[in-house]
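Below is one structure, written out as structure tokens; the observations come after it.
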Protein chains: 2
Amino acid sequence: MKDSVIKHPNCPLCFPEQEDSITQLASLRIIFANEPHYPCFVRVVWNAHIRELSDLSPMERSLLMDVVYIVERCMRSILAPYKINHASFGNKLAHLHWHIIPRWEEDAHWPNPVWGLQQREGLGHSAEKKAALGAAIQSAVLSRVSADS
Amino acid sequence: MKDSVIKHPNCPLCFPEQEDSITQLASLRIIFANEPHYPCFVRVVWNAHIRELSDLSPMERSLLMDVVYIVERCMRSILAPYKINHASFGNKLAHLHWHIIPRWEEDAHWPNPVWGLQQREGLGHSAEKKAALGAAIQSAVLSRVSADS
């Protein structure tokens with residue numbers, strides 16, 4: 001993260017302590033969220049302390065959303081989930097970030113959003129699939145960035 | 001909606017019966033969701049029965065997301081909410097659509113997503129604000145579309 005990035009003193013997304021990093025760019029980072037039940041839940045975090053999508057410039061927004069689409073495509077290609085879920089809330093932490101979650105009909109909250117009522121125990125995990133997803137995202141994001149430069 | 005749009009026989013978003021329409025374009029429509037507690041909850045629905053964001057062409061995705069950003073900007077300008085929430089799930093209805101929800105710290109589910117546990121009764125509604133939001137979105141979306149043509 002560049003020193004010139006806008007930071008908020010009390011924001012854990014401005015001063016991350018432990019993150020399971022996939023890829024770091026100057027303006028954003030891609031991490032595994034490691035939320036219970038969802039090992040391949042990915043988060044795309046804008047590095048600067050920005051509140052809303054509409055606070056980004058068109059070029060910044062385009063980069064952010066291209067990365068979100070890349071994560072979706074990699075999830076479909078590597079994991080073949082039943083559905084992809086996208087969300088950006090920021091209610092508890094008003095620092096722009098996206099949640100991208102591969103979903104299956106047998107997962108813990110299906111058909112609810114993962115913030116809804118849990119329905120069952122959920123699925124087992126595959127460390128190999130998670131590693132393959134991380135590698136695919138890293139490669140595709142670096143290609144997107146090098147195409148720009 | 002054009003007759004050439006891909007439709008799925010059992011999908012209520014392909015064959016809408018009653019919608020509170022804000023603006024209709026050939027490829028998408030913008031409606032008030034009229035969900036309980038959230039009168040200014042807006043939905044952007046892709047007209048064709050498309051499953052995921054990555055099934056759209058880059059130009060289609062750019063139009064869809066530009067409309068999402070317009071809705072956010074109009075909400076901020078007309079309603080000045082504490083936060084904007086965005087989500088695209090499609091678990092129950094795998095037909096691409098976005099939820100855009102203005103949120104306040106006193107609303108029914110705050111700080112949870114609106115799909116989480118309700119926390120309190122929530123806020124009163126203003127029909128005037130809702131009408132002003134609809135008019136602002138319609139005007140901005142039509143400007144975006146005419147800039148393309």
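The values are calculated or read from the model by the stated rules, or taken from the named source; none is laboratory data. What you see is a predicted model, and the numbers here were worked out from it, not measured in a lab. Note that each Cβ is placed from the backbone with ideal geometry, even for glycine, and that neighbours are counted across all protein chains shown. Accessible surface is based on the protein model in full, side chains and every heavy atom, while ligands, DNA and RNA are left aside. Shrake-Rupley method; radii C 1.70, N 1.55, O 1.52, S 1.80 Å.
Going down the list A:Lys83/A:Lys129; B:Lys7/B:Lys92; A:Lys92/A:Lys130, which pairs span over 19 Å between their C-alpha atoms? Beyond 19 Å between Cα atoms: A:Lys92/A:Lys130. Heavy atoms of the protein only, probe of 1.4 Å, neighbouring chains included. What is the accessible area of A:Arg120 in Å², nearest 10? Accessible area, nearest 10 Å²: 90 Å². Relative to the longest principal axis of the Cα atoms of chain B, the long axis of helix B:58-79 lies at roughly 20 degrees.
Axis of helix A:127-148 versus longest Cα principal axis of chain A: the two differ by about 30°, to the nearest ten degrees.
One residue of chain B places its C-beta nearer than any other to the axis carrying B onto A; that residue and its whole-Å distance are B:Ala87, 2.
Measuring only protein heavy atoms, the 1.4 Å probe finds B:Tyr82 accessible over about 90 Å².
If one computes P(r) from the Cα atoms of the protein assembly as shown, what percent of pairs lie at distances over 23 Å? Every Cα pair in the protein assembly as shown considered, those over 23 Å come to 57 percent. The sum of -39500 (n - 2.57) across all DSSP H runs of n ≥ 4, divided by the residue count of the protein assembly as shown, sets its helix-only mean residue ellipticity at 222 nm to -10500 deg cm²/dmol. Only protein heavy atoms count here; on that basis, with a 1.4 Å probe, A:Lys130 has an accessible area of about 40 Å². Inter-copy label distances at B:Ala127, using a point 7 Å along Cα-to-Cβ, come to 6.2 nm with the shortest given first. Across chain B, the longest run free of exposed loop sites, meaning GluC sites (Glu not before Pro) lying outside DSSP classes H, G, I, E and B with no more than 15 other Cβ atoms within 10 Å, spans B:18-104. Here, chain A is characterised by an Rg to Rh ratio of 0.96, where Rg is the alpha-carbon radius of gyration and Rh the Kirkwood radius. Here is how far apart the A:Ile6 label points are across copies: 3.9 nm, shortest first, using a point 7 Å from Cα toward Cβ.
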